[in-house]
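Below: the structure, in structure tokens.
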Amino acid sequence: MAKRLLPWLPWLLAEATLGWLEAQFWPAGGLWLLLIWTVVLLLYRTALAPTSRRSVRLVGDVVFAGLCLLAVFEGGWYLLPTVVAFAACDAAGLTLELPSLPDDAAGHEVGAAITAMLLGWAGLAIAVSGPIYSTATSRVSANGVVTTSGPELGLLQTGLSAPTAGLLVATAVLFGLVMIAALLHVRTDGADAWRVLVAVTALLVVLVVLGLSTLGFWLVPGGAFALAAVQAGRRV
């Protein structure tokens, strides 16, 4: 059990560090640092995954540590503890083994539901952190030229009202329920779980349509994969 859990620790350390970075640099690029570095880490570990030789994996860890040192102005230094944790796992021969989904309707349903949840949460993070509102100030110079300027503000900067915060939390919970309902449907093969998946997806679609002019645009990919999970679930 410990060997299965230990390879997850570097990832938890990485996401905790990147979350701290987002809090430090927010709103000037904190979210993008988190997303970009997460993708870079995925590429780095995916490139080393086919290699079984420890020496080659450790060399890859050293090379990536060097890249993190070069990316000091992009927060690369903060990922050095994560690289050390990855190197320790590689030296001990510990690898992260993800369960493979079956290549059938059940696997497609779960895969689409997991993708819907991840894309939905990412869309919410981008919508909340990214600039949505802007304030403008006009100034008339001595020669009569009018100049307009103003900063772009994100939703968190302008302040979240209680109804808005509740709606965002409810949307995040609904995306999580999509995955849970799909897993229950596949494991129990029960019609009730599929009906729950349909009901949750219908609520998400309504929220996406109603919010297309504001936050709903970022939730379209997650909603589309939730619909794909419902369609795949009909054949299970």
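The values are calculated or read from the model by the stated rules, or taken from the named source; none is laboratory data. Remember, it's a predicted structure, so these values are computed and weren't measured experimentally. Glycine also receives a Cβ, built like all others from the backbone with ideal geometry; neighbour counts cover every protein chain displayed. Calculation scope for accessible area: heavy atoms of the full protein, side chains included, ligands and nucleic acids excluded. Shrake-Rupley method; radii C 1.70, N 1.55, O 1.52, S 1.80 Å.
When residues in the range 60-78 are screened for being aromatic (Phe, Trp, Tyr), over 14 Å from Thr17 (Cα atoms) and buried (at least 18 other Cβ atoms within 10 Å of the Cβ), 1 of them pass.
Suppose we keep only residues that are among the small types (Gly, Ala, Ser) and part of a loop (DSSP other than H, G, I, E, B) within the range 44-59. Which one would you say is most open to solvent (accessible area, probe 1.4 Å)?
Filtering the range 44-59 for residues among the small types (Gly, Ala, Ser) gives 47, 49, 52, 55.
Still in the running and part of a loop (DSSP other than H, G, I, E, B): 49, 52.
Working: Ala49: 67, Ser52: 107 Å².
Across the range 44-59, the extreme among qualifying residues is Ser52.
Taking each residue of the range 6-17 that is over 20 Å from Trp32 (Cβ atoms) and looking for partners that are modelled with pLDDT under 80 with beta-carbon atoms closer than 6 Å, six or more apart or interchain, yields Leu6/Leu94; Pro7/Leu94; Pro7/Leu96. If I filter the range 208-225 down to residues being without any contact (Cβ under 8 Å) to a residue 60 or more places away in the chain and open to solvent by less than 50 Å² (accessible area, probe 1.4 Å), which single residue comes out as farthest from Gly111 (Cα to Cα)? Restricting to residues being without any contact (Cβ under 8 Å) to a residue 60 or more places away in the chain and open to solvent by less than 50 Å² (accessible area, probe 1.4 Å), the top hit is Gly211. In the range 180-192, of all residues being surrounded by fewer than 20 Cβ atoms within 10 Å (Cβ to Cβ) and aliphatic (A, V, I, L, M), the one that is nearest to Gly107 (Cα to Cα) corresponds to Leu183.
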